[in-house]
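**Student:** Pasting a structure here, questions to come.
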Amino acid sequence: MIPLTYMLSLSAIIFAIGVAGVIIRRNILVMFMSIELMLNAVNLAFIALGSRLGSMDGQVIVFFVMTVAAAEAAVGLGIIISVFRNRETVHADELTLMRW
Amino acid sequence: MPPFLYLFLGALAIVSALGVVIQRNPIHSLLALISTLMIIAILFIGEDAVVVGFLQIIVYAGAIMVLFLFVIWLLNLQAESGPTGHIVLKIFGSLAASALAAELFVFLGAPHFKVKMYREPPGYGSLESLAGKLFTDYLVAFEVTSVLLLAAVVGAVALARRIPDAAGEGSSDPRAASAIRAAESSPRVQG
């Protein structure tokens, strides 16, 4: 079996790439995709630790994370569509209504 | 899973995750994301989480990504032309992400983070063991999840729905305009 440190390192790298995507990219949809990337990195850590501990809890948690991600995607994409309908943009820097 | 396969898949996952961030066209980002999710699903299966791995492919790479694809088509997004974002922002973002990765490495590194290994019980990762856990220990959470999904569906429909009054005649509709004026002039309850 692959050493645990390797799996957790891969998970950490993918999570950091997701964080970089949220900070760097200004397209709301791509920021959203980066959030999905972070969720999956955490899922990978759950699965790796669960199989090392011989417990099914990690997999159940991953199941719930997937459900929440599906709900989040549905609502988030609905928000993006309604923002685009009103403002004709998906560029995060142009949405300045709530900026002080 | 043999180590070389892990290294290959891991490198592929990192490259395609970078593709999500680097690609300018949202469709290309999405394709890179799908490939990342597929590779993560293979890693799940390699870790004996077979059911969850297939769920990952069906739910994530199948359903959620198709939803993203539809939204990209619906909004008719093209590749961003010209410079995107500040160079300072890019440098700051890269540095912050590198710092986060380094921090995670330190915390998850071998000296501090030790896990007592257990042998996997027979039938580990099968549908039976997953369902057994889900419908006994996590039954309440499972039921609450159904409420969450219902709320998400209702919320998504309510958000994406075009309001008939505002859409038909636009803001020049006298009834909608007077309604908005009435709402603005009426005293609001704060809090």
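**Student:** Select from the stretch B:24-45 the residues that are of a type outside the set (A, V, I, L, M, F, W, C) and crowded, with 21+ Cβ neighbours inside 10 Å and write down the one among them that is nearest to B:V71 (Cα to Cα).
**Tutor:** Residue satisfying both the conditions and the ranking: B:P26.
**Student:** Of the conditions (1) assigned to a helix (DSSP H, G or I); (2) among the β-branched types (V, I, T); (3) at the interface with chain A (Cβ under 8 Å from one of its Cβ atoms), B:V115 satisfies every one except a single condition; which number is it?
**Tutor:** (1)
**Student:** Any residue in the stretch A:5-19 that is polar (S, T, N, Q) sitting within a Cβ distance under 8 Å of a residue that is not in a helix (DSSP H, G or I)? List the pairs, counting only those 6 or more apart or interchain.
**Tutor:** What qualifies is A:T5/B:G109; A:T5/B:A110.
**Student:** Mind checking which residues of the stretch A:13-62 are farther than 18 Å from B:L31 by Cβ, polar (S, T, N, Q) and buried (at least 21 other Cβ atoms within 10 Å of the Cβ)?
**Tutor:** Here is the first cut: in the stretch A:13-62, the ones farther than 18 Å from B:L31 by Cβ are A:13, A:15-16, A:19-20, A:22-24, A:26, A:28, A:38-39, A:41-62.
Imposing the further condition that a residue be polar (S, T, N, Q) reduces the set to A:43, A:51, A:55, A:59.
Those that are farther than 18 Å from B:L31 by Cβ, polar (S, T, N, Q) and buried (at least 21 other Cβ atoms within 10 Å of the Cβ): A:N43, A:S51, A:Q59.
**Student:** Another question about this same structure. Out of the residues in the stretch B:1-24 meeting the condition of being out of contact with any helix residue (DSSP H, G or I) (no Cβ under 8 Å at 6 or more places or on another chain) and either in a helix (DSSP H, G or I) or more than 10 Å from chain A (Cβ to nearest Cβ) (or both), tell me which one is nearest to A:R52 (Cα to Cα).
**Tutor:** The first filter runs over the stretch B:1-24 and keeps only residues out of contact with any helix residue (DSSP H, G or I) (no Cβ under 8 Å at 6 or more places or on another chain), leaving B:2-4, B:7-8, B:11, B:15, B:22, B:24.
Add one more test, that the residue is either in a helix (DSSP H, G or I) or more than 10 Å from chain A (Cβ to nearest Cβ) (or both), and what stays is B:3-4, B:7-8, B:11, B:15, B:22.
Working: B:P3: 16, B:F4: 20, B:L7: 19, B:F8: 21, B:A11: 22, B:V15: 26, B:I22: 34 Å.
Applying the filter and picking the extreme gives B:P3.
**Student:** I've got another one for you. Can you pull out every residue in the stretch B:124-134 that is surrounded by 11 or more Cβ atoms within 10 Å (Cβ to Cβ) and either on the phi < 0 side of the Ramachandran plot or more than 10 Å from chain A (Cβ to nearest Cβ) (or both)?
**Tutor:** So in the stretch B:124-134, the residues surrounded by 11 or more Cβ atoms within 10 Å (Cβ to Cβ) come out as B:124-127, B:129-134.
Hits for the stretch B:124-134 are B:Y124, B:S126, B:L127, B:S129, B:L130, B:A131, B:G132, B:K133, B:L134.
**Student:** Contact list please: Cβ distance under 7 Å, first residue in the stretch B:95-107 and exposed (fewer than 12 other Cβ atoms within 10 Å of the Cβ), second residue in a helix (DSSP H, G or I), pairs at least six apart or on different chains.
**Tutor:** Final answer for the pair search is none.
**Student:** Is it the case that some residue within the stretch A:70-86 is more than 7 Å from chain B (Cβ to nearest Cβ) and either among the polar types (S, T, N, Q) or closer than 16 Å to B:L104 by Cβ (or both)? So that I can check it myself, show each step before the final result.
**Tutor:** Start the filter on the stretch A:70-86 by keeping residues that are more than 7 Å from chain B (Cβ to nearest Cβ), which leaves A:72, A:76, A:83, A:85-86.
From the residues that got through so far, the ones that are either among the polar types (S, T, N, Q) or closer than 16 Å to B:L104 by Cβ (or both) too are A:86.
Yes; the residues of the stretch A:70-86 include at least one that is more than 7 Å from chain B (Cβ to nearest Cβ) and either among the polar types (S, T, N, Q) or closer than 16 Å to B:L104 by Cβ (or both).
**Student:** Next up: What single numbered condition from (1) under 30 Å from B:K116 (Cβ atoms); (2) part of a helix (DSSP H, G or I) fails to hold for A:F84?
**Tutor:** In the conditions (1) under 30 Å from B:K116 (Cβ atoms); (2) part of a helix (DSSP H, G or I), A:F84 misses (1) alone.
The numbers here are math on the coordinates, done by the rules we state, and not lab data. Quick caveat: nothing in here was measured; it's all calculated off a predicted structure. Using ideal geometry, Cβ is built from the backbone for each residue, glycine included, and neighbour counts are taken over all protein chains shown.
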